[in-house]
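Okay, structure first, notes after.
Read-outs: derived from the displayed coordinates by stated rules, not from any lab. None of the values given here were measured: they were computed from a predicted structure. Don't worry about glycine lacking a Cβ; one is built from the backbone with ideal geometry, like all the others, and counts go over all protein chains shown.
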Amino acid sequence: MGSAAALTVARNGKSVVLLEPHPGHSLGASHGATRNFSTAYQQAEYLSLVSEALRLRDGLAEET
């Protein structure tokens, strides 16, 4: 979440410093080949957000 916010701020022309409390940490659920990306929400507004997040994540993957 913090990285996404920092990227958005930087893309809007602001200077950003991002500090990582656990450099090299590879055991989290939000990155890597086993990234946890849940689509098991009943509320339509959450499904809409998940779809948008997935689209943005895939765009960032292509960019980098």
field: Gain in span if fully extended, Lys14 to Arg57, counting 0.36 nm per residue against the direct Cα distance
entry: 13.4 nm
- line: Ranked output for segments 5-13, 38-46 by mean other Cβ atoms within 10 Å, highest leading, reads 5-13, 38-46
- request: Can you figure out the FRET efficiency of Thr64 with Gln42, using R₀ = 22 Å and their beta-carbon distance, to the nearest 0.05?
  value: 0.10
